[in-house]
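Visitor: Below you will find the structure I want to go over with you.
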Amino acid sequence: MAAINHPLGNTRRGIPLPGAPGRLNLWLGVAIGFAALSALLPVLQNSMATSRGFDIQAYQRREAQLSGEIGLIEGEVASLTSVTRIERRAREIGLLPVTDPIYISVNEAGPAPAKLPSEYLPQSDTRPVSSPPLWKSLISWLP
């Protein structure tokens, strides 16, 4: 009866693993690790995209806040530089409009590096002198 119940003797049932009994094969371990890594990769990508989305939203909020502050400062500068406000403040401190201005001409050059912004400096005509095109000089040689 023992032979009927166990026709091949005392063998294990299921899939036999190569190598030592009870130990996993190296290739099987690599395959399991690769499967686990491939399953975790989309999760990692999704979490990175989510965190970057939160960072972008924070930067957009900061940009909107800074744009609002810039708008307030521009409005303040516009109100402080208005001609009517400057005239009113000048009268408050005792300044009067000029009736006969005095002009002074200076014949000496200023310091080597200009201390003024370029838009207030006189425009110098420093266009390079261009020679006539080659074809014009060739035509001038013809009789």
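Derivation of every value follows stated rules applied to the coordinates shown; laboratory data play no part. Computed from a predicted model, the values in this text were never measured in an experiment. Ideal geometry is used to build each Cβ from the backbone, glycine not excepted, and the neighbour counts take in all protein chains shown.
Visitor: Return, ordered by residue number, the residues of the range 57-82 whose backbone nitrogen is under 15 Å from a label point located 7 Å along Cα→Cβ of Leu95.
Guide: 80-82
Visitor: Next question, about the same structure. Starting from 0.36 nm per residue, how many nanometres of slack lie between Glu69 and Tyr103 once their C-alpha separation is accounted for?
Guide: The span from Glu69 to Tyr103 would gain 8.0 nm if fully extended.
Visitor: Also, quick follow-up: List, in order, the whole-Hz ³J(HN,Hα) value for each residue of the range 95-104 obtained from phi through the Karplus relation with A = 6.51, B = -1.76, C = 1.60 and θ = phi - 60°; use x for Gly and Pro.
Guide: Values, residue by residue: 8, 10, x, 7, 9, 10, x, 10, 9, 10 Hz.
Visitor: Compute the distance in nm between two label points, each set 7 Å from the Cα along the Cα-to-Cβ direction, one at Arg52 and one at Glu87.
Guide: 5.8 nm
Visitor: In addition: Can you tell me the alpha carbon radius of gyration of the range 32-121 divided by the globular rule-of-thumb value 2.2 N^0.38 Å?
Guide: 2.48
Visitor: Report ³J(HN,Hα) in whole Hz for each residue of the range 25-42, in order, from the Karplus equation J = 6.51 cos²θ - 1.76 cosθ + 1.60 where θ = phi - 60°; Gly and Pro get x.
Guide: 6, 4, 5, 5, x, 5, 5, 5, x, 5, 5, 5, 5, 5, 6, 7, 4, x
Visitor: Show me, for the range 74-79, the HN-Hα J-couplings you get by feeding each phi into the Karplus relation (A = 6.51, B = -1.76, C = 1.60, θ = phi - 60°), rounded to Hz, glycine and proline as x.
Guide: Computed from phi, the couplings for the range 74-79 are 4, x, 5, 5, 5, 6 Hz.
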